[in-house]
Amino acid sequence: MKGSQMILNTLKDNGVNTTFGYPGGSVIPLFDAVYNDNEFRNILVRHEQAAAHAADGYARASGNVGVAIATSGPGATNLVTGLGTAYYDSSPVLAFGGQVSVNFLGKDAFQESDMMGITLPITKHNFQIRNPDDINATIRKAIKIATSRRPGPVYVELPKECQVGDITKPNPKTAEVLNCGPMPRAKKEDIKKLADGLLNTQAPLILVGGGVLLANASGQINKLIELLNIPVATTLMAKGVIPDNHPLNLGMIGMHGRKSANYAIMNADLIVVLGCRFSDRITGDTDAFARDAKIIQIDIDSSEINKNIDIDMSIIGDVKSILDDLLAVLKMKIKSPKQTDWSKKMKKIKQLCCCDIDIGKTPIDPRKVIKEINAAIKDTDIVTTGVGQHQMYAAHFLERKYPRTFITSGGFGTMGSGFPFAIGAKIAKPDVEVIDIDGDGSFIMNSQELATCKEENIKATPVILNNNYLGMVRQWLEIFYGRRYSQVGLGNTTDFVKMADAYGLEGILVEKPSEIKDALKEAMGNDETTIVNIMIEKESNILPMLPPGGTLKEAFGGCMEQAGYECFEK
Amino acid sequence: MKTYIISILVADEPGVLLKLCGLFVRRGFNINTIAVGSTEKKGLSRIMITLNSDGKKITQLKKQLIKVIDVVGVSDLTENTIVEELCLIKLGINGEKERDEIINNVNLFKAKIIDINKTNIIIQITDRPNKIKNFIDVLSDYEIVKITRTGTVAIKDIGTNNN
Ligand SMILES: Cc1ncc(C[n+]2csc(CCOP(=O)(O)OP(=O)(O)O)c2C)c(N)n1
Ligand SMILES: [Mg+2]
């Protein structure tokens, strides 16, 4: 058997039978094996960046590893943005890159690039397979590394020899790899301390990050909230872990966070933080972050402890098993959930912080679009986003109920990721509708994937919030640069309906709020990908927001625009 | 700021040094010395680094290091350790008087003459890094042609627990 077939077999043995890839000289042997293999499907994307994002979208929707393939040199470097995106959001992506033959390595051969060096800071690990007999073990290790503990992308380089050479040895039984085993169980006394902390404070808060989603611990965290009747705030990455409409879910904290959530951070006396790395986008000025609260941090990655924020106590381990242990202890101590003044107040603040988004004005208010999407989709459908204002509108106003139904580039903030994410998510979950809430700027960065959708018969619905601007940057220029709109105007040049038409697909233009509902219905009802291009108010701002370097207290604007935080005190 | 000695036990895989060096650069650590060599265990190498930092940053560095897939263990050898470094120094000799002075210093510092001719001398000193510094200070009165050092290596002293 040739190495290339072994690559496919090893992937199949590990549950992977679909990849996202693009050919070139150094992966011809690999795709030659795909040609003969009826159990294996490669989705031919139109840009390797999209292959990486689609693999990432697949991984985020399913929780399993997503796989991308590119040729050496420019093909492989095109993967880089996608790998960075996956790395910053801890997503289990496995990317294969071709490479020139081993005897050409280091000689600046045609399409040689040092991908081992280039991918180093944006992957969890990387491998180069020189010998076909190492293929099986290496790929098994790569999948284990990508998916275990704190997940992350792994890059595997395939010099030509390993694809064309013959397998001469049987596959090893085990493929051991360091630092990937199950995490040790948390200490009993730490769990007890955590339980006591939660029971003996006046104003406790839970802050949930993307790690809880990655740990598949949504069930546990929801039980904890019910049992303790405790308010909870989330990061962008944790959207969906707790239903958005849960009375105790105060929403997203941070730079564009909801006032209710930021208020809770500023007024809590104990914050239990799970699977959250305290990125600068959520803390604002770190010195002022939750200054009055005791912080207990729970994470699988010990290097996140005291990295950005000094905390009072930490527990290292798998969030899911820690929560199981905590729930067991708490269930013995609590007979029925307590109605505290604090939880009552937070429920009320959540209601106060809910602005009327059913606004019928023309040009269309972006919040109105999100509201209509809420009405059009099912709880199990998946929504992806691009990066910009539309992403933040979705974060605020989109109603999600289940984990892995909201997919967005958080840490890297990669424009153009939304549409290929949606393609990957659709492959992972063919039975649900996948909607990409995108910006007119972001969508264009990977709009070539319309061809992939058409050819491969994949349906993902881009809903473009079209403001003719790079809106998020325009907002900064409006607020902090005296409306000097430098390099943010996109104009109305791109006709997205004609663009769809060029790919043999349908596009729908929406200019009035009353048309949104039908357009969404039509697009979702179609068998093929259909673009919904919604012209929204050009200069709307997503608020509240923090000034750069500001504290959470300094957030301005938003639903309680005039009132500021004092209104919550009444 | 204090000088720390960190010992990193790694699997002997291609690219592992690159992975660690990349980490030092990314996380803003400036390494003073680095020494790499084989160990008592087959397939494992030990990388010994020294750097100036503070306790909090060192804790963070250790946690970042242990996350690297090929890293087997990280230990802090700053306290209670035997610390040694090897240094080779080539000097120019200008006259017999100077030569005698140099040889005198070599003896004082328990260093060793590796090679000598009329115009040059090569000295080897194996000692704690600060003793080596003193030795070089003393020699700076003479014509230093070249200095080359191995970087610090350390091992826990016999009284202390292993690692
Ligand atoms: C690849 C990439 N380039 C640049 C940026 C910087 N950036 C962040 S948001 C944004 C504007 C996004 O515009 P659009 O997609 O139209 O969304 P809108 O903000 O208008 O909703 C830009 C340029 C980025 N995040 N990613
Ligand atoms: Mg825009």
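No lab work stands behind these numbers, since they all come straight from the coordinates. This is a predicted model, so every value here is computed, not measured. No Cβ is skipped: glycine too gets one built from the backbone with ideal geometry, and neighbour counts run over all protein chains shown.
Here are the numbers for this structure:
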{"quantity": "Number of partner chain Cβ atoms within 10 Å, mean per residue of B:63-69", "calculated": "6"}
{"quantity": "Partners for residue B:90 among lysines (Cα-Cα distance below 22 Å; same-chain residues under 8 apart left out)", "calculated": "B:110, B:112, B:118, B:131, B:133, B:146"}
{"quantity": "Simple spin-label estimate for residue B:110 and residue B:141 in nanometres, 7 Å along Cα-Cβ", "calculated": "2.3 nm"}
{"quantity": "Per residue, the convex hull volume that the Cα atoms of the range A:163-218 enclose (Å³)", "calculated": "157 Å³"}
{"quantity": "Relative intensity, log₁₀ I(q)/I(0), of chain A from a Debye sum that treats every alpha carbon as a point, q = 0.05, 0.09, 0.10 Å⁻¹", "calculated": "-0.21, -0.70, -0.86"}
{"quantity": "Distance between the range B:22-92 and the range A:393-463 - C-alpha centres, whole angstrom", "calculated": "44 Å"}
{"quantity": "B:17, A:323 arranged by Cβ crowding within 10 Å, fewest neighbours leading", "calculated": "B:17, A:323"}
{"quantity": "Centre separation in Å (Cα based) which lies between the range A:192-211 and the range A:303-337", "calculated": "7 Å"}
{"quantity": "Max mean-square fluctuation residue, GNM over chain B, Cα-Cα springs under 10 Å, options B:78, B:50, B:59", "calculated": "B:59"}
{"quantity": "Amide H partners (placed H, <5 Å) of residue A:407, local residues excluded", "calculated": "A:383, A:384, A:385"}
{"quantity": "Selection from A:505, A:466, A:486 lying farthest towards where the dipole of the range A:454-508 points positive, charges on Cβ", "calculated": "A:486"}
{"quantity": "Residues of the range A:198-239 with amide N under 18 Å of the 7 Å Cα→Cβ point at residue A:401", "calculated": "A:218-223, A:226, A:239"}
{"quantity": "Difference of contour (0.36 nm per residue) and Cα-Cα distance, residue A:245 to residue A:108", "calculated": "43.7 nm"}
{"quantity": "Sorted by Cβ neighbour density within 10 Å, fewest at the top, the residues B:101, B:79, A:449, A:304", "calculated": "B:79, B:101, A:304, A:449"}
{"quantity": "Mean separation of Cα contacts under 8 Å (6+ apart) over length of chain A, as relative contact order %", "calculated": "14 percent"}
{"quantity": "If the convex hull is drawn through the Cα atoms of the range A:1-90, its volume per residue in Å³", "calculated": "91 Å³"}
{"quantity": "Neighbour count of at most 16 Cβ within 10 Å plus DSSP loop: longest chymotrypsin sites (Phe, Trp or Tyr not before Pro)-free window in chain A", "calculated": "A:111-480"}
{"quantity": "Other-chain or far-sequence residues with amide H under 5 Å of residue A:156's (modelled H)", "calculated": "A:95, A:96, A:97, A:127"}
{"quantity": "Residue order, fewest to most surrounding Cβ atoms within 10 angstrom, among B:36, A:383", "calculated": "B:36, A:383"}
{"quantity": "Other-chain or far-sequence residues with amide H under 5 Å of residue A:270's (modelled H)", "calculated": "A:203, A:205, A:294"}
{"quantity": "For a label point 7 Å along the Cα-to-beta-carbon line of residue A:199, residues of the range A:306-337 with backbone N under 17 Å", "calculated": "A:323-337"}
{"quantity": "Cα gyration tensor category, rounded, prolate or oblate, for the range A:64-171 with a/c compared to 1.5", "calculated": "oblate"}
{"quantity": "For the range B:1-128, alpha-carbon Rg over 2.2 N^0.38 Å", "calculated": "1.38"}
{"quantity": "Ellipticity estimate at 222 nm from DSSP helix runs (n ≥ 4, -39,500 (n - 2.57)) divided over chain A, nearest 500", "calculated": "-10500 deg cm²/dmol"}
{"quantity": "Modelled FRET efficiency - R0 45 Å, residue A:291 with residue A:484, Cβ distances, 0.05 increments", "calculated": "0.80"}
{"quantity": "Under the Karplus curve 6.51 cos²θ - 1.76 cosθ + 1.60, θ = phi - 60°, whole-Hz ³J(HN,Hα) for the range A:16-26, x wherever Gly or Pro sits", "calculated": "9, 10, 10, 10, 10, x, 8, x, x, x, 7"}
